[in-house]
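First the structure, in the form of C-alpha cells, and then the observations on it.
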Amino acid sequence: MSRIVVLGSSSGMPDSTRACSSILIETNNNSYLIDVGEGCASSIIRHNIDPEKIGQVFVTHTHSDHSMGIFMLVQMMHLLKRKKNLDIYLPEEALFWFENMFDAVYLFQDNLSFGFELKPINIDFVYQDEDLILKAFPNQHLLSNEDFIKEQSLTNKMESYCFLIEIDGKRIVYSGDIAGIEDIESQSEGVDFLLCESTHIKVEELVELASRKKVKSTILTHIHDSMDKDKTSIVMMGKKHAYKNIVFAYDGLCIDIK
Ligand SMILES: [Zn+2]
Ligand SMILES: [Zn+2]
C-alpha cells in the first residue's frame, strides 16, 4: 500500500523536535520527496526511510525551509554510493542558482556516484509515471516581495506552487506555503488528503473550507511553536464547523493512502 510519511513539519523557524518542510510519498516501486527543507536528510535516516528508493524530488518554492536540504540529500546519496539517477524538479527561476550552488558546495555533477538532473516546474507542470500524477498550480505566497524586488531590480520571479497529486485513485493536495486559503480553494473539493501549512493562513478558515469542501482528511503541517501550544482551540474550531478529521503532523507521521 502507498503511504505518506511526514519527514519535516516545522515552520520556517527551526524547532527542537521538527525538521523543516518535507514529505515523502512511497509506493511499492518508488518514493517521491515533496519539498526538501533543511534537516531532511537527517530525518530520512531518523525515520528509517530508504534513500535509494527516492527517484524524484519536487520543490514548491525556494525558501530555505523547503529547499536547502537538497544539498545534504545529494551528498548523503553520494556517500551511500547510489547509482540510480535522481530528478530534482524546482521552480524554473531557481535552476540557474541551484546549478551553481551544487558547484559551490563541491557536489560536481560529473564527479558523483550517480547522475542527477535539475528540471523546471512552471505554471503548466505535470509529472506522470505509472504510479502517480503530480500537477503544480501557482500560489501567491512570494508576492509580498514584489515591491522590494522591483525597487532593487532583482531577477526573482516569485514562483511558488501547490501540488495536486493523484495516486491509487486518491487525490492529495499539498499546499507548500501559501498566502491564504484562497490559494487552495479551487483544488480542494472532495480531496482525500489536504496537507496544508498552518503558518500563513487563518486556521479557522482552513477548517471551514475543509468542512465545506468535504475534504476527507486535513493534515496541518508547517507548524509553528505557538500552534503546538494551541491544539485545543483548533479542536474547538473543528466542533464549530462540524469537521473532525484534522491531524496535527509530526515528524515520522505515516498515513496510509487508502
Ligand atoms: Zn515555509
Ligand atoms: Zn515559504
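Here are a few things to note about the model shown:
- Once the Cα atoms are used to define both axes, helix 95-104 deviates from the longest principal axis of the chain by about 60 degrees.
- Hypothetical label at ASN28: residues of region 1-17 whose amide nitrogen lies under 18 Å (7 Å Cα-Cβ projection): 1-4
- Gain upon complete extension [VAL235, PHE114; 0.36 nm per residue less C-alpha separation]: 38.9 nm
- Share, in percent, of DSSP beta bridges within the chain that are antiparallel, nearest 5: 50
- The long axis of helix 70-79 is offset from the longest Cα principal axis of the chain by roughly 50 degrees.
- Region 3-256, relative contact order [Cα under 8 Å, separation at least 6], %: 18
- Net charge over other residues, Cβ less than 12 angstrom from the Cβ of PRO14 (K, R count +1; D, E count -1): -3
- Centre separation in Å (Cα based) which lies between region 2-29 and region 214-258: 15
- Where only DSSP H runs of four or more residues are counted, the chain gives -6500 deg cm²/dmol as its mean residue ellipticity at 222 nm, each run worth -39500 (n - 2.57).
- Pair VAL126, GLU208: separation of 7 Å Cα→Cβ label points (nm): 3.4
- Based on the Stokes-Einstein relation at 37 °C and a viscosity of 0.692 mPa s, and on the Kirkwood radius from alpha carbon pairs, region 195-258 is assigned a translational diffusion coefficient of 272 µm²/s.
- One decimal place: the segment ASP103-ASP50 gains 16.5 nm when fully extended, by the rule 0.36 nm per residue minus the C-alpha distance.
- Length gained on full extension, GLU146 to ILE133: 1.5 nm, using 0.36 nm per residue less the C-alpha separation.
- Among residues other than SER2 with Cβ under 9 Å from its Cβ, the summed charge is -1 (Lys and Arg +1, Asp and Glu -1).
- Cα gyration tensor shape of region 116-237, rounded if a/c is under 1.5, else prolate or oblate by comparing a/b with b/c: oblate
- Gyration tensor (alpha-carbon) shape descriptor, region 3-256, a/c threshold 1.5: prolate
- Using a simple spin-label model with pseudo-atoms 7 Å out from Cα toward Cβ, SER153 and GLN75 lie 3.6 nm apart.
- Cα-based shape type of region 1-98, given that a ≥ b ≥ c are square roots of the gyration tensor eigenvalues and the cut on a/c is 1.5: rounded
- Using the Cβ-Cβ distance between SER42 and LYS84 with R0 set to 25 Å, the FRET efficiency from 1/(1 + (r/R0)^6) comes to roughly 0.75.
Readers should treat all values here as calculations from the given coordinates under stated rules, not as data from a laboratory. Everything numeric in this text was worked out from a predicted model, so none of it was measured. With ideal geometry, Cβ positions are generated from the backbone for all residues, glycine too; neighbour counts draw on all protein chains shown.
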